[in-house]
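Scroll down for the structure; my scribbles are underneath it.
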Amino acid sequence: MDAHGQILMEEFRRRLPKLKELEAIALQRLEEALEQQHLEVTAIDHRVKKENSLAGKLELKGAKYQSIDDITDLLGLRVITFYTDDVDKVAALVAQTFDVDWSNSVDKRKLHELDSFGYNSLHYICHLPAGSADETLCRIPFEIQMRTALQHVWSTINHDTGYKSDVQIPREYLRQFGRLAGMLELIDDEFSRLRNSLADYRRRVQNLVASGQLDEVSLNADTWESYLQTRPLDRLNRRIAAVNQAEIFPTPLKPFLPILIALQMKTLGDVQRFIESNADDAYLLAVNQLGVTDLDILTESVGLQNLCIVQALKMGGGRPAIVRILDAVSTFGDNEVLAQSIYDHASALPFMNNK
């Protein structure tokens with residue numbers, strides 16, 4: 001390393017405590033900005049450049065740097081997103097949170113030739129906004145890279161295989177690199193497209209549910225969740241709770257989805273008719289069970305559980321069907337004994353005697 005490089009290295013060593021301080025502040029502000037916008041990322045990496053890494057850089061191109069401030073990646077942060085369109089969302093947040101030196105920032109996504117196979121990423125050179133921290137810290141530049149998880153994989157593979165080394169790589173291997181890079185880029189785009197398609201689908205489902213067009217909506221995990229947001233079981237639950245003036249506590253109803261499918265429901269319209277046709281019998285079954293108790297706390301699943309049991313019994317499932325329902329939604333107690341008790345209560349009800 002020449003004399004100029006040694007001077008820069010000494011400046012780096014003196015600045016190291018400030019770089020560590022800046023690292024903590026920049027990381028905290030970036031994490032807070034992402035959290036406030038509810039933007040999930042797969043990772044945030046950060047580091048202050050190691051002395052041996054800086055030494056290698058200065059030996060290669062130390063003459064281009066007049067001072068230590070000209071080396072803009074002494075502190076680096078990297079945000080790794082799940083989707084390509086999230087890279088732009090992160091970039092917007094970075095621009096709102098820090099002062100970006102646009103003249104030194106690079107969007108490598110715009111630099112690619114048609115036959116290139118490097119990774120795409122955004123590189124912003126940033127400063128803390130003036131007045132937001134110690135003046136010395138605000139003058140120190142740092143780099144924030146933004147890329148997707150697959151772009152990060154590609155960059156790591158490039159580094160690991162020595163693709164960017166001085167050794168001439170045979171054309172056949174370069175072609176394989178190009179094919180793999182193209183596949184990764186296509187997968188990245190398709191994941192984003194799939195996410196957008198699913199978001200559109202969920203919006204359509206919500207609109208169909210809100211407008212009551214339930215026969216047009218297939219029953220699955222997403223549509224079941226949307227349907228539950230309309231609170232279709234509240235009326236039945238309130239009727240049951242009134243028996244003992246009980247309180248109703250929330251509980252997940254997702255475990256009931258496989259039961260509904262097993263009971264041959266294919267659309268939300270089927271579910272709506274299932275509730276309407278079985279509500280009175282489910283209420284009577286609950287009354288028979290609760291009338292001899294002093295329970296004053298019930299879970300939100302009480303109505304749906306009784307609806308499923310009534311439907312299973314109407315379909316001729318008998319006590320074994322009750323056991324299967326209880327096994328699917330409950331991990332407490334002896335379900336065989338409880339199923340027998342429920343079956344005995346149900347046997348006295350009109351819907352069982354009118355079959």
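The values are calculated or read from the model by the stated rules, or taken from the named source; none is laboratory data. Since this is a predicted model, take the numbers as computed values, not measurements. Quick reminder, even Gly has a Cβ in these numbers, built from the backbone with ideal geometry, and neighbours come from all protein chains shown.
Select from segment 97-113 the residues that are modelled with pLDDT under 95 and over 14 Å from H123 (Cα atoms) and write down the one among them that is surrounded by the most Cβ atoms within 10 Å (Cβ to Cβ). Ranking the candidates gives H112 first. Taken over segment 235-252, the criterion of being touching a Phe, Trp or Tyr at 6+ places or on another chain (Cβ under 8 Å) and surrounded by 18 or more Cβ atoms within 10 Å (Cβ to Cβ) is satisfied by L236, I240. Here V41 clears all of (1) free of Cβ contacts under 8 Å to residues at least 60 places away in the same chain; (2) outside any loop (DSSP other than H, G, I, E, B) except the condition numbered (2).
Taking segment 226-260 as the range and being charged (D, E, K, R) and either assigned to a loop (DSSP other than H, G, I, E, B) or modelled with pLDDT under 90 (or both) as the test, only R231 passes. For segment 133-151, filtering for residues that are touching an Asp or Glu at 6+ places or on another chain (Cβ under 9 Å), part of a helix (DSSP H, G or I) and either modelled with pLDDT under 85 or among the charged types (D, E, K, R) (or both) leaves 2. Look at (1) modelled with pLDDT of 95 or more; (2) touching a strand residue (DSSP E or B) at 6+ places or on another chain (Cβ under 9 Å); (3) charged (D, E, K, R) and you find that D270 fails only one, number (2).
Yes or no: D222 charged (D, E, K, R), closer than 30 Å to S121 by Cβ and under 28 Å from the mean Cα position of the chain (by Cα)? No; evaluated as a whole, the condition is false for this residue.
Can we say V79 is farther than 15 Å from L22 by Cα and modelled with pLDDT of 95 or more? Here the answer is yes, as V79 does meet what is asked.
Residues of segment 251-300 that are within 18 Å of V217 (Cα to Cα) and hydroxyl-bearing (S, T, Y): T267 alone.
Quick check on my filter: what residues within segment 33-53 are in contact with a helix residue (DSSP H, G or I) (Cβ under 6 Å, 6 or more places away or on another chain) and within 20 Å of F142 (Cα to Cα)? Once the filter is applied, which keeps residues that are in contact with a helix residue (DSSP H, G or I) (Cβ under 6 Å, 6 or more places away or on another chain) and within 20 Å of F142 (Cα to Cα), segment 33-53 yields A33, H46, V48. Taking every residue in segment 202-226 that is within 12 Å of M265 (Cβ to Cβ) and in contact (Cβ under 8 Å) with a residue 24 or more places away in the chain and pairing it with any residue that is assigned to a helix (DSSP H, G or I) and of a type in the set (G, A, S), at least 6 positions away or on another chain, the pairs with Cβ-Cβ distances below 6 Å are L214/G269; D215/G269. Cβ separations smaller than 6 Å between residues 6+ apart or across chains give the following pairs from segment 179-192 residues that are over 10 Å from T84 (Cα atoms) and modelled with pLDDT under 85 to residues that are of a type outside the set (F, W, Y) and surrounded by 18 or more Cβ atoms within 10 Å (Cβ to Cβ): L184/L150.
Got at least one residue in segment 7-15 being acidic (D, E), within 20 Å of D134 (Cα to Cα) and not in a strand (DSSP E or B)? Yes.
How many residues does segment 277-300 hold that are over 20 Å from Q311 (Cα atoms) and among the small types (G, A, S)? Total satisfying the criteria: 1. Scanning segment 48-77 for residues that are assigned to a helix (DSSP H, G or I), within 40 Å of the chain's Cα centre (by Cα) and of a type in the set (D, E, K, R) yields a count of 4.
Counting only residues that are of a type in the set (S, T, Y) and within 29 Å of V205 (Cβ to Cβ), which one in segment 284-307 is surrounded by the most Cβ atoms within 10 Å (Cβ to Cβ)? If we take residues in segment 284-307 being of a type in the set (S, T, Y) and within 29 Å of V205 (Cβ to Cβ), then S301 is surrounded by the most Cβ atoms within 10 Å (Cβ to Cβ). Do you know which residues across segment 1-16 are surrounded by 15 or more Cβ atoms within 10 Å (Cβ to Cβ) and either over 18 Å from D73 (Cα atoms) or small (G, A, S) (or both)? Residue satisfying the conditions is G5 alone.
When E35 is tested against (1) modelled with pLDDT of 90 or more; (2) surrounded by 16 or more Cβ atoms within 10 Å (Cβ to Cβ); (3) within 30 Å of R193 (Cα to Cα), exactly one condition is not met: (2).
Only one entry of R78, R29 meets the criterion of being basic (K, R), in contact (Cβ under 8 Å) with a residue 60 or more places away in the chain, touching a Phe, Trp or Tyr at 6+ places or on another chain (Cβ under 8 Å) and surrounded by 13 or more Cβ atoms within 10 Å (Cβ to Cβ), and that entry is R29.
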